[in-house]
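Novice: First, the structure itself, so that you have it in front of you.
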Amino acid sequence: MSATNVVTAFILAVFSYMLINNVVLTRFYGICPYLGVSTKVKSSVGMGVAVVFVICLAALVCYPIYHFVLIPAGLGFLDTIVYILVIASLVQLVGLFIKKYSPSLYKSLGIYLPLITTNCAVLGVVQENNALDFGMSMANALGTSLGFLVMIVLFSTIRERLNAYDAPKNWKGLPIALITAAIMAMAIMGLTGMIA
Amino acid sequence: MATNTIARSQHKENFLNPIWKANPLFILLLGTCPALGVTTTVENAIGMGILFTFVLVGSSVLVSLLRKIIPEEIETPAFILIIATFVTIVKMLSEAFLPELYSGLGVFISLLVVNCIVLGRAEAFAKKNGVLDSLLDALGNGVGYLLAITSIALIREILGTGTITFGAVFTFLPKIVLPILKFDGVDLSIPLFAKPAGAFIVFGVIEAIIGVFTLRKAEKEAAAKREAILAAQKAKAAALAAEKAKTAEAAGKEDK
């Protein structure tokens, strides 16, 4: 494969992971923050950016750990335990780093960082990457996390307007938000098969 | 004897509360990812519920046994490690004995590590309570979650495929296909419900139905509160009037 082919394949894979196999709406990772942190646009942007940051970093760190440490040592079955420890410590480290070098960024992202340890999107992507090569796993990390960012920001803008809408009392809040998510998922379904 | 009955009712409460009144999925809205991700078929949902209950019971009992040994500073990492151990056990067991379930649930078995219910019960209950209470609490939460995801799966499988299939995942059972919306060449199924969008719709409608009951309950409670306040005010006014009458009477006597 020539260099341009590799680049096109990478970009196509990123778009496929970002939109067609969207992380929240078709693969169902990270529903908790998607429903929980999407009531305000500002906080959803913060959460989304923090997730992009952590997923890309976690994929970058976990790939060599799995392929150059666990597999040669015959410990492939320990992947889940190792990954969750790596992700938890990574999140802690990133928090400390941002706090030291950019207090203003820490103020806006800091509160979301501890929540990300228990975000299934991070562990889900890293687990999926076990079966992929390096380029594809980076495409998966980048596409998935960008897909999360786009969807949570779109969802929060809709939810801010839904608050002003006069829905029946028992549908207010979460039920109507879930129906909104269903309509968004239907829109995403329309893209199925666009990239082979 | 009296303390015994109190303890027994407490045990019962620990077990039954999470099944109905504080259902982890429908009322507390925890663990939503697998609830939407693996509920395409009833069998997958039941399998997930059983694996989930096993992980929850194992980790809760172990956390409760070690609650006086684990230092407070490293509590959360220690809990995560305990949970991850049980998840690995479950993963290996299901891969060996139920390969269809293992491939059907896919990465969601690994994702039990970051399930909010499992970590939440360890943090909120097992680290403060004895082994028996933790076991009952974990069992209650497990059964409550199992019932919740099975009911979502039931609706989705019937509406999405028109049939309910048993024996495809649990291969030791005889294979049975129950046609419910499919008969005599008529097919009333709506494939959308087997797709991701259907999961959101089913969950949203269930939440809205639960919303009716919680609203009604809240209204009843508010009405009872109002009535209690009114009654208290009336009693107060009556007491005041009685006092006034008494003082007036006393004054009248003095006048005489």
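The values are calculated or read from the model by the stated rules, or taken from the named source; none is laboratory data. Here the structure is a predicted model, which means the values were calculated and not measured. Don't worry about glycine lacking a Cβ; one is built from the backbone with ideal geometry, like all the others, and counts go over all protein chains shown. For accessibility, only protein heavy atoms count, side chains too; no ligands or nucleic acids. Shrake-Rupley method; radii C 1.70, N 1.55, O 1.52, S 1.80 Å.
Novice: Could you tell me whether A:TYR34 is among the aromatic types (Phe, Trp, Tyr), within 16 Å of the chain's Cα centre (by Cα) and within 14 Å of chain B (Cβ to nearest Cβ)?
Specialist: yes
Novice: Considering segment A:140-158 alone, what residues qualify as being within 14 Å of another protein chain (Cβ to nearest Cβ) and in contact with a helix residue (DSSP H, G or I) (Cβ under 6 Å, 6 or more places away or on another chain)? I'd like the intermediate steps shown before the answer.
Specialist: Filtering segment A:140-158 for residues within 14 Å of another protein chain (Cβ to nearest Cβ) gives A:140, A:144, A:147-148, A:151, A:155, A:158.
Passing the criteria: A:ASN140, A:THR144, A:GLY147, A:PHE148, A:ILE158.
Novice: Now for a separate question. Name the residues in segment A:159-185 that are more than 17 Å from B:PRO196 (Cα to Cα), at the interface with chain B (Cβ under 10 Å from one of its Cβ atoms) and open to solvent by 90 Å² or more (accessible area, probe 1.4 Å), would you?
Specialist: Within segment A:159-185, A:LYS169, A:LYS172 qualify.
Novice: I would also like to ask the following. With the structure loaded, tell me whether A:LEU90 is among the aliphatic types (A, V, I, L, M), open to solvent by 50 Å² or more (accessible area, probe 1.4 Å), part of a helix (DSSP H, G or I) and without any contact (Cβ under 8 Å) to a residue 40 or more places away in the chain or whether it fails that test. Show your work before the answer.
Specialist: Details: among the aliphatic types (A, V, I, L, M): yes; open to solvent by 50 Å² or more (accessible area, probe 1.4 Å): no; part of a helix (DSSP H, G or I): yes; without any contact (Cβ under 8 Å) to a residue 40 or more places away in the chain: yes.
Taking the combined requirement at face value, the residue does not satisfy it.
Novice: Here is a list of conditions, (1) open to solvent by less than 10 Å² (accessible area, probe 1.4 Å); (2) out of contact with any helix residue (DSSP H, G or I) (no Cβ under 7 Å at 6 or more places or on another chain), and A:SER137 meets all of them except one; can you say which number that is?
Specialist: Only one criterion is unmet by A:SER137, namely (2).
Novice: Between a first residue in segment A:158-183 that is free of Cβ contacts under 8 Å to residues at least 60 places away in the same chain and a second residue that is assigned to a helix (DSSP H, G or I) and among the basic types (Lys, Arg), which pairs have beta carbons less than 8 Å apart while being 6 or more apart in sequence or on different chains?
Specialist: A:THR180/A:ARG159
Novice: For segment B:139-157, how many residues meet the condition of being among the small types (Gly, Ala, Ser), over 14 Å from B:GLY31 (Cα atoms) and open to solvent by less than 10 Å² (accessible area, probe 1.4 Å)?
Specialist: Step one: filter segment B:139-157 for residues among the small types (Gly, Ala, Ser), giving B:140, B:142, B:144, B:148, B:151, B:153.
Then drop every residue that is not over 14 Å from B:GLY31 (Cα atoms), which leaves B:140, B:151, B:153.
Restricting the remaining residues to those that are open to solvent by less than 10 Å² (accessible area, probe 1.4 Å) gives B:140, B:153.
Count: 2.
Novice: Of the conditions (1) in a helix (DSSP H, G or I); (2) polar (S, T, N, Q); (3) open to solvent by 60 Å² or more (accessible area, probe 1.4 Å), A:THR192 satisfies every one except a single condition; which number is it?
Specialist: (1)
Novice: Which condition breaks for A:LEU123 when tested against (1) open to solvent by less than 40 Å² (accessible area, probe 1.4 Å); (2) closer than 28 Å to B:LEU215 by Cβ; (3) not acidic (Asp, Glu)?
Specialist: In the conditions (1) open to solvent by less than 40 Å² (accessible area, probe 1.4 Å); (2) closer than 28 Å to B:LEU215 by Cβ; (3) not acidic (Asp, Glu), A:LEU123 misses (2) alone.
Novice: A follow-up question, please. Output the number of residues of segment A:38-55 satisfying the condition of being under 22 Å from A:PHE134 (Cβ atoms) and open to solvent by 40 Å² or more (accessible area, probe 1.4 Å).
Specialist: Residues meeting the conditions: 1.
Novice: Okay, next question. Quick one: which of A:ALA50, A:ALA73 is assigned to a loop (DSSP other than H, G, I, E, B) and under 26 Å from B:ILE83 (Cβ atoms)?
Specialist: Being assigned to a loop (DSSP other than H, G, I, E, B) and under 26 Å from B:ILE83 (Cβ atoms) holds for just one of A:ALA50, A:ALA73, which is A:ALA73.
Novice: Can you tell me how many residues in segment B:226-256 are open to solvent by 100 Å² or more (accessible area, probe 1.4 Å) and among the hydrophobic types (A, V, I, L, M, F, W, C)?
Specialist: 2
Novice: Scan segment B:206-225 and give yes if some residue there is open to solvent by less than 40 Å² (accessible area, probe 1.4 Å) and over 27 Å from A:ASN170 (Cα atoms), otherwise no.
Specialist: Looking for residues that are open to solvent by less than 40 Å² (accessible area, probe 1.4 Å) and over 27 Å from A:ASN170 (Cα atoms), one finds none in segment B:206-225, hence no.
Novice: Quick check on B:ALA218: is it assigned to a helix (DSSP H, G or I), of a type in the set (Gly, Ala, Ser) and either within 14 Å of chain A (Cβ to nearest Cβ) or in contact with a Gly (Cβ under 6 Å, 6 or more places away or on another chain) (or both)? Reasoning before the result, please.
Specialist: Details: assigned to a helix (DSSP H, G or I): yes; of a type in the set (Gly, Ala, Ser): yes; either within 14 Å of chain A (Cβ to nearest Cβ) or in contact with a Gly (Cβ under 6 Å, 6 or more places away or on another chain) (or both): yes.
When the stated conditions are applied, B:ALA218 passes them.
Novice: Pick from B:LEU136, B:LEU173, B:LEU101, B:LEU178: which is open to solvent by 30 Å² or more (accessible area, probe 1.4 Å), at pLDDT 90 or above and more than 14 Å from every other protein chain (Cβ to nearest Cβ)? Break it down stepwise before answering.
Specialist: Values: B:LEU173 fails: at pLDDT 90 or above; B:LEU101 fails: open to solvent by 30 Å² or more (accessible area, probe 1.4 Å); B:LEU178 fails: at pLDDT 90 or above.
Step by step, each of B:LEU136, B:LEU173, B:LEU101, B:LEU178 is checked, and only B:LEU136 is open to solvent by 30 Å² or more (accessible area, probe 1.4 Å), at pLDDT 90 or above and more than 14 Å from every other protein chain (Cβ to nearest Cβ).
Novice: Of the residues in segment B:177-210, how many are of a type in the set (Gly, Ala, Ser) and closer than 12 Å to B:LEU36 by Cβ?
Specialist: Within segment B:177-210, residues that are of a type in the set (Gly, Ala, Ser) and closer than 12 Å to B:LEU36 by Cβ number 4.
Novice: Working only within segment B:158-167, note down all residues that are closer than 18 Å to B:PHE193 by Cβ, open to solvent by 40 Å² or more (accessible area, probe 1.4 Å) and in contact with a Lys or Arg (Cβ under 9 Å, 6 or more places away or on another chain).
Specialist: B:THR161
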